[in-house]
Each structure stands twice: as C-alpha cells, then as structure tokens.
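All of the numbers you see were taken from the coordinates with simple rules; none came from a lab. Quick caveat: nothing in here was measured; it's all calculated off a predicted structure. Positions of Cβ are generated from backbone atoms using ideal geometry, with glycine treated the same way; all protein chains shown enter the neighbour counts.
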Amino acid sequence: MLLFLLPLLAAADGGVPDDAAIPVSERACPDVGLTAMLSEALLDQKGVRTLQLKTPETDSSDAMFQVRTFRSALRVAVQLEFSGRTSLSGKVSRASLSGPNQQTLRVVAARQLDPTSEAETARIIVEAEALTLEARGIYTLELQDAEGTRLLVLPGVRFPSI
C-alpha cells in the first residue's frame, strides 16, 4: 500500500545501498558484458573515452600513482594505478565524487584490486552515474575505509568529453 514511499525513503537515507557497510572485496561483482552495457544504454556508438590526468605532486621524483578517467554514455570512472604492489594504508570501503556547489555523483561501484602476481600493480576503480552535463565538472575523489577514515582526497578530477 505504501510502496510509493520507497523511492522517497531511499533518497532520504542518502541513497546508500544496504550493502554499503559490506567491504568492497566481499561484495559480488557480476561479470557485465558489452550486451548488458548496450541494452542498458550505458555504452553507445561513441564507446568509452579515456583521459590521463596529471599525477599529484609528491616529494619524490616517482609518482605514487597514475590517474585515468573514463566516460561512457551514462557512467564515469576513475582508475588509480599505483606504482609497485601497495596502494593505500587501508581497504577502500566508501568513495565519493563531489563537485562545486555540493554536487555529488552517485557512486555505483568502488573496487580495490590487489595485484595477483609480481608483474601487476595495485588499482582502485570508482564508477559513478553521470549525465552529460554532470560529467563536465571538476570533481574531488574521496576514498574512505569502513570506519570513515579518509585514505585519499584527490582534487581536480575531470572526465573526457564525448
């Protein structure tokens, strides 16, 4: 009878899914193929665009990580690729992409991928929903652990044009 209130209740709690408290590594991630992305209009004939961002300044001559952003028809993603086998001091549990005027993108996935071999590097990937106009802004990426401790704050995140 009161089912019409469910969308309002979901918006009132910040739209955070019930599994937000479950660590990223323990969540099931379905293997989504091109058919699913095309049928859901997440990917169109323009494909996925990539943008390599400048690495934040560090004290050493070696950059701590590389930043790449991606954009499709309805989604954006940020990938941090760390030099070496280690990434951050903790496990990423929450991520946010916030822009000017308190605008935030709805994060749909945040994955921390540890290397499985000596040749691989550690990566963190954050994916969010973004309409065409939303993807044009400059965002700040914030990564937190399960306790809410900030692991990384990365300003100046931009997404490629389509």
- Item | Net charge, residue 76 excluded, C-beta distance under 12 Å - Lys, Arg +1, Asp, Glu -1 | +4
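What does the charge add up to near residue 99, with Lys and Arg as +1, Asp and Glu as -1, over the other residues with Cβ less than 15 Å from its Cβ? Let's see the in-between values first.
Details: positive: 71, 106, 136, 158; negative: 129, 134, 142.
Its environment carries a net charge of +1.
Once you sort the root eigenvalues of the Cα gyration tensor of segment 50-162 as a ≥ b ≥ c, which label holds: rounded (a/c under 1.5), prolate (a/b larger than b/c) or oblate (the other case)? Don't skip to the answer; put the middle values down first.
On the way: a/c = 1.62, a/b = 1.45, b/c = 1.12.
It comes out prolate by the Cα gyration axes.
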